[in-house]
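*Asks:* Before we start, here is the structure in question, set down as C-alpha cells.
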Amino acid sequence: MRIGILGSGLMGGKLGTLFARAGHEVVFSYARSEQKLKRLARAAGAKARAGTPRAAAKHADAVLLAVHWLRFDEVLEKAGELSGKVVITCSLPMNKANTELVVAHTSSGAEELAKKIPTARVVAAFGTVPSEVFFDVYETRRRSRPPSLVYYGDDRRAKRVAAQLITDLGFEPVDAGPLRIARYAEPFTLLIAQLAYETKGGPELAYRFERYR
Ligand SMILES: NC(=O)c1ccc[n+]([C@@H]2O[C@H](COP(=O)([O-])OP(=O)(O)OC[C@H]3O[C@@H](n4cnc5c(N)ncnc54)[C@H](OP(=O)(O)O)[C@@H]3O)[C@@H](O)[C@H]2O)c1
C-alpha cells in the first residue's frame with residue numbers, strides 16, 4: 001500500500017516507520033524541518049521517502065493524519081484534494097496545553113474531521129494507545145494473544161484498510177462500529193494516557209479485550 005503521513009512527529013514518525021518495515025511505501029510529510037523528514041525516511045528504509053503534504057497525499061492509498069487538533073485546517077489545506085481517499089486519523093481534539101478534549105459528548109474529533117473533508121473516507125485508528133508502545137508490539141507480533149486496537153468509521157473500504165494496517169503492526173483489530181463511537185473512544189484514550197504517563201510502569205502500554213463467551 002502507498003501511505004502518506006501527514007504529521008511526522010511521535011505518532012506519524014513511528015507509525016510511518018513501521019508501515020515501511022511492514023512493506024508499505026511511505027511518504028513522511030509535515031514537520032517543521034525538512035531534515036527531520038529526510039532523517040526519518042532514511043531510517044525507515046528503502047520503502048520510505050520525505051515529501052510535501054501534497055506529495056504524500058497525491059498517490060496514496062491511505063493517508064495518516066497525525067497532527068495536533070489545532071493544525072488540522074493547515075495540514076488539510078496543504079494536502080490538497082482528498083476526495084475518495086482513505087484518511088486514517090489517530091488525532092485527538094485536545095486543547096493547546098494537551099490537558100482537555102475540546103470536543104466531546106455530542107461530537108468527536110474524528111466526526112469533526114469528517115465534516116471538514118466530507119468526500120474523503122475517514123476512519124479512526126491507532127490513536128488509543130501511546131506512541132511509545134508501537135515498536136514493542138511490532139517486535140513481538142505474531143504472538144498468540146496480541147493486544148487489541150479499536151478502529152471505527154462509516155466507510156467500509158477505509159475500515160478494511162485500517163484493519164489491515166493494524167494487523168500489520170501486530171495488534172488484533174477490533175471493529176468498534178461507526179465513526180460516532182469516537183465520542184467514547186477519544187475520552188477512553190485519556191484513561192490510557194493517564195495509565196501510561198501518570199502511573200508506574202512506563203508508557204509502553206497497550207490493552208486487550210477478552211470475550212468469555
Ligand atoms: N503521542 C501519542 O502518544 C499520541 C497518542 C494518541 C493520540 N495522539 C494524537 O496524535 C496526534 C499527533 O500527536 P503526536 O504526539 O505525534 O504529535 P507531535 O509529536 O507533536 O507531531 C505532530 C507533527 O506535526 C508537525 N507540526 C506541528 N506544527 C507544525 C507546523 N507549524 N508546520 C509543520 N509541521 C508542524 C510536527 O513537527 P515537528 O516534527 O517538527 O515537531 C510533528 O511532525 C495528536 O492529535 C495527538 O493528540 C498522540
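The values are calculated or read from the model by the stated rules, or taken from the named source; none is laboratory data. In this text, all values refer to a predicted model and were calculated from it rather than measured experimentally. Glycine gets a Cβ as well: all are built from the backbone with ideal geometry, and neighbour counts include every protein chain shown. When the accessible area is computed, the model is the full protein with side chains, heavy atoms only, and any ligands, DNA or RNA have been set aside. Shrake-Rupley method; radii C 1.70, N 1.55, O 1.52, S 1.80 Å.
*Asks:* State, to one decimal in nm², a quarter of the convex hull surface area for the C-alpha atoms of segment 147-213, i.e. the direction-averaged projected area. List each step's numbers first, then the result.
*Replies:* Details: hull surface 21.6 nm².
Averaged projected area of segment 147-213's Cα convex hull equals 5.4 nm².
*Asks:* Loop only per DSSP, at most 13 neighbouring Cβ atoms within 10 Å: give me the trypsin sites (Lys or Arg not before Pro) in segment 1-88, ordered by residue number.
*Replies:* Values: sites: ARG2, LYS14, ARG21, ARG32, LYS36, LYS38, ARG39, ARG42, LYS47, ARG49, ARG54, LYS58, ARG71, LYS78, LYS85; in loops: ARG32, LYS47, LYS85.
Passing sites in segment 1-88 are ARG32.
*Asks:* Take the cross-link list LYS58/LYS159; LYS47/LYS200; LYS47/LYS116 and give me the ones stretching past 27 Å between alpha-carbons.
*Replies:* Values: LYS58/LYS159 20 Å; LYS47/LYS200 37 Å; LYS47/LYS116 30 Å.
LYS47/LYS200; LYS47/LYS116, as the Cα separations exceed 27 Å there.
*Asks:* Run the numbers for GLU74 and THR167: contour at 0.36 nm per residue of separation, minus the present Cα-Cα distance, in nm.
*Replies:* On the way: separation 93, 0.36 × 93 = 33.48 nm, distance 3.05 nm.
Separation in residues times 0.36 nm, less the Cα-Cα distance, equals 30.4 nm.
*Asks:* Return the Cα extents of the chain along principal axes one, two and three, sorted largest first, each rounded to a whole Å.
*Replies:* Cα extents, longest axis first: 45, 38, 34 Å.
*Asks:* Working only with C-alpha atoms, what are the Rg and Dmax values of segment 1-118, expressed in angstrom?
*Replies:* Radius of gyration, then largest Cα-Cα span, for segment 1-118: 13.8, 44 Å.
*Asks:* Based only on the alpha carbon positions, what is the Kirkwood hydrodynamic radius of segment 46-104, in angstrom?
*Replies:* Working: mean 1/r = 0.0789 Å⁻¹.
Evaluated over segment 46-104, this radius sits at 12.7 Å.
*Asks:* For segment 93-213, rounded, prolate or oblate, judged on the Cα gyration tensor with a ≥ b ≥ c (square roots of eigenvalues), a/c < 1.5 rounded, else prolate if a/b > b/c?
*Replies:* Numbers: a/c = 1.87, a/b = 1.17, b/c = 1.60.
The shape class here is oblate.
*Asks:* Label points 7 Å out from Cα along the Cβ direction at LEU10 and GLU139: separation in nm?
*Replies:* Taking the simple label geometry, LEU10 and GLU139 are separated by 1.9 nm.
*Asks:* Tell me the carbon and sulfur percent of the accessible area for segment 1-158, rounded to whole percent, probe radius 1.4 Å. Mind dumping the intermediate values first?
*Replies:* On the way: 3620 of 7500 Å².
C and S fraction of accessible area: 48 percent.
*Asks:* Evaluate the distance, in nm, between pseudo-label points positioned 7 Å from the Cα of ALA46 and of GLU210 along their respective Cα→Cβ axes.
*Replies:* 4.3
*Asks:* Moving to a separate point now. Divide by every residue of the chain the summed helix terms, -39500 (n - 2.57) for each DSSP H run of at least 4, and state the resulting mean residue ellipticity at 222 nm, rounded to the nearest 500 deg cm²/dmol.
*Replies:* Numbers: 8 runs with 81 residues, N = 213.
Estimated from H runs of four or more residues: -11000 deg cm²/dmol.
*Asks:* Now for a separate question. Working from the alpha-carbon coordinates of segment 10-52, get Rg over Rh, Rh being the Kirkwood radius.
*Replies:* Rounded to two decimals, Rg over Rh is 0.91.
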